[in-house]
Amino acid sequence: MTVNRDGGVSRRDWLKVAGAAGLATAASGQGGLSLAGDATKGVTNIGGRRELFVDTTLVDDITGHARLQLNQPTPQEVTLVNDRPWEGASCAYMKVFRDGDLYRMYYRGSDVVYSEKGARSPHPEVACYAESTDGVHWVRPELGLFEFGGSKKNNIIWMGEGSHNFAPFLDENPDCPANEKFKALAGSFRKGLWAYVSADGKKFKKIQEKAVIAKGAFDSLNLAFWDSLSGVYREFHRDFRKGRDIRTATSENFVDWSESRFLDYTPQTSNGVRADWLQPVKDDDPDNRQPGRVSQLYTNQVIPYYRAPHIYLGFPTRYIDRGWSYSATQLPEYEYRKLRGAKSRREGTAVTDGMFMASRDATSFRVWPESFIRPGLRAEQSWFYGDAYQNHGLVETASRFEDGGNELSVYVSENSHQNHPGQFRRYTLRIDGFVSLTAPLGGGELVTTPIRFEGGRLSLNTSTSAAGTVRVGVEDMNGKPVPGYSVSESHPLYGDSLNLIAAWKDRGTDVGPLAGKTVRLRFRVQDADVYSYRFESA
């Protein structure tokens with residue numbers, strides 16, 4: 001029986017024991033191998049969908065020097081400086097999505113000034129809109145909808161109640177009426193969330209005066225989207241459960257919502273399916289008293305990943321208050337930090353950064369304990385509470401290399417709550433590049449749980465060094481190599497591609513004979529990363 005490096009028993013050995021006890025079955029297949037299509041326990045039918053390594057749902061064992069690695073996005077240019085009179089130092093809660101050839105951004109316009117008496121807002125909060133044709137260069141159109149400072153020459157789309165966290169989205173429900181193409185949730189701390197609709201994404205109106213969601217705290221970015229796989233609207237909003245936490249609910253019509261529930265959490269590790277090294281959080285820990293959550297979560301930013309919509313990705317903000325420690329005195333702008341915390345300590349001592357989590361059911365999430373976006377090496381414009389808030393939404397933008405294809409862009413707040421305007425910076429990440437199966441040149445392997453697939457060839461999103469390689473083998477349910485498809489018979493793959501096709505010496509790229517059978521995949525990596533895989537038509 002194999003024991004994983006983190007002390008857990010591999011799922012393969014569990015299935016062997018379960019099979020002997022009559023808990024799992026598999027009919028015999030070709031050549032005496034258990035390549036059956038009707039195994040009833042522990043088998044996942046992935047069909048032709050793309051699978052990522054963002055969790056260990058399909059991971060049985062990781063050996064050698066291999067591990068799952070959370071990858072950090074690369075900071076690029078400043079996208080938007082919040083220097084308009086209706087904006088300021090505390091702009092946040094960005095929503096970004098693509099609508100045809102147009103990129104749309106929504107965000108809160110707000111400002112804050114600190115003194116020894118505390119914080120004050122120089123002007124009311126407003127909801128703002130910007131747009132772009134490439135996701136890099138953004139403009140703020142003069143919409144003429146709301147008056148600010150005696151003029152309607154601004155990009156404000158909403159004022160008044162709900163402006164703190166106005167969160168529009170493009171409704172992809174095929175039955176959505178044209179005049180409700182855009183929807184939004186917005187609310188206030190304890191009053192609830194109201195529902196809004198719009199035909200053009202600029203002029204919004206309330207659906208009804210009564211809040212559609214009333215149970216929660218709501219002083220965060222509370223969001224919703226159409227879940228195309230489940231055929232329902234999903235929403236995620238703020239509440240408190242031993243610290244800042246997240247609730248979720250569903251609706252068929254965007255007005256009548258199910259009873260909301262808190263999310264469930266499990267810490268995700270880089271080297272196996274168990275997390276025994278993450279000790280239960282002590283009850284007296286003020287920053288995290290909810291097991292599995294890793295830290296308090298200020299936002300959630302959950303979205304179905306567009307290339308694998310059965311996987312829900314979350315980009316929450318970690319909120320942590322580490323007090324007036326020695327290190328706090330060494331952080332940027334210490335004197336200003338003391339001023340900011342004179343009335344409310346947490347305003348000076350709390351810090352925030354970006355996190356990453358994933359789910360297969362939109363309610364139980366694997367949370368990566370490490371940061372997805374760190375505050376960074378900054379002398380002034382970071383390491384304050386309010387920095388490193390990630391936007392909601394993922395968009396493709398052109399690579400900085402002229403022949404590099406597309407990459408993912410996310411937008412992150414910085415300069416938050418300081419003496420100069422806040423700003424949003426664009427970060428980029430490889431498509432599917434959130435987590436990779438990686439190993440140094442010494443090599444390592446990952447074996448999947450039993451799966452069934454559809455298609456005639458195996459496509460990999462992978463990157464290697466000049467000396468690195470990726471090999472893929474196909475095995476039966478018990479780990480016995482399928483003749484012609486073993487790791488040793490596979491062609492060593494090298495290069496950098498979103499769509500590198502696996503091949504074997506005598507079989508070529510054709511895996512069609514194995515389609516519908518119960519198999520495992522064995523990935524052997526050396527100085528390489530594998531980000532995703534998918535079986536597709538030949």
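Each stretch of four or more DSSP H residues adds -39500 (n - 2.57); spread over every residue of the chain, this sum gives -1000 deg cm²/dmol at 222 nm. Would you order W324, W194 from fewest to most other beta-carbon atoms within 10 Å of each residue's own beta-carbon? Least crowded to most crowded, the residues run W324, W194.
For segment 88-104, putting each phi into the Karplus relation 6.51 cos²θ - 1.76 cosθ + 1.60 with θ = phi - 60° gives couplings of x, 7, 10, 5, 6, 6, 6, 10, 10, 8, 9, 10, x, 8, 10, 8, 10 Hz, in residue order, rounded to whole numbers and with x for Gly and Pro. Cα gyration tensor of segment 169-238, axes a ≥ b ≥ c as square roots of the eigenvalues: rounded (a/c below 1.5), prolate (a/b > b/c) or oblate? In terms of gyration-tensor shape, oblate. Segment Q208..S258, full-extension length gain: 16.2 nm, with 0.36 nm per residue of separation and the alpha-carbon distance subtracted. Working from Cα pairs under 8 Å separated by at least six residues, relative contact order for segment 74-429 is 17 percent.
The simple spin-label model puts a point 7 Å past each Cα toward its Cβ; for D510 and V78 those points are separated by 5.9 nm. Each residue of segment 126-142 was assigned a 3J(HN,Hα) from its phi angle through the Karplus expression (A = 6.51, B = -1.76, C = 1.60, θ = phi - 60°), giving 9, 9, 10, 9, 9, 9, 8, 9, 9, x, 10, 9, 10, 10, 10, x, 7 Hz with x at Gly and Pro.
To the nearest 10 degrees, how steeply does helix 11-20 sit against the main Cα axis of the chain, on a 0 to 90 scale? Value to nearest ten degrees: 50.
Each of L145, L521, L408 was scored by other Cβ atoms within 10 Å of its Cβ. Listed from fewest to most, they are L145, L408, L521. Ordering 240-249, 67-76 by mean Cβ neighbour count within 10 Å, with the highest value first, yields 240-249, 67-76. Which percent, nearest 5, of DSSP beta bridges in the chain are antiparallel? Rounded to the nearest five, the antiparallel share is 95 percent.
Rounded to the nearest Hz, the phi-derived 3J(HN,Hα) couplings of segment 54-62 under the Karplus curve 6.51 cos²θ - 1.76 cosθ + 1.60 (θ = phi - 60°) are 6, 8, 10, 4, 10, 9, 8, 8, 10, where x marks glycine and proline. Could you tell me which of rounded, prolate or oblate describes segment 74-429, using a ≥ b ≥ c as the square roots of the eigenvalues of the alpha-carbon gyration tensor, with rounded for a/c under 1.5 and, failing that, prolate when a/b is larger than b/c and oblate otherwise? It comes out rounded by the Cα gyration axes. As a quick test, which of the pairs K95/K191; K202/K242; K117/K202 have an alpha carbon distance above 28 angstrom in this structure? With Cα atoms farther than 28 Å apart: K202/K242; K117/K202.
Is the shape of segment 145-195 rounded, prolate or oblate, going by the alpha carbon gyration tensor and its root eigenvalues a ≥ b ≥ c, with a/c under 1.5 for rounded and a/b larger than b/c for prolate? Taking the square roots of the gyration eigenvalues as a ≥ b ≥ c, segment 145-195 is oblate.
No value in this document is a laboratory result; all are computed from the given coordinates. Treat the numbers as computed from the prediction; the structure is a model and nothing was measured. Every residue, glycine as well, gets a Cβ built from its backbone with ideal geometry; the counts of neighbours run over all protein chains shown.
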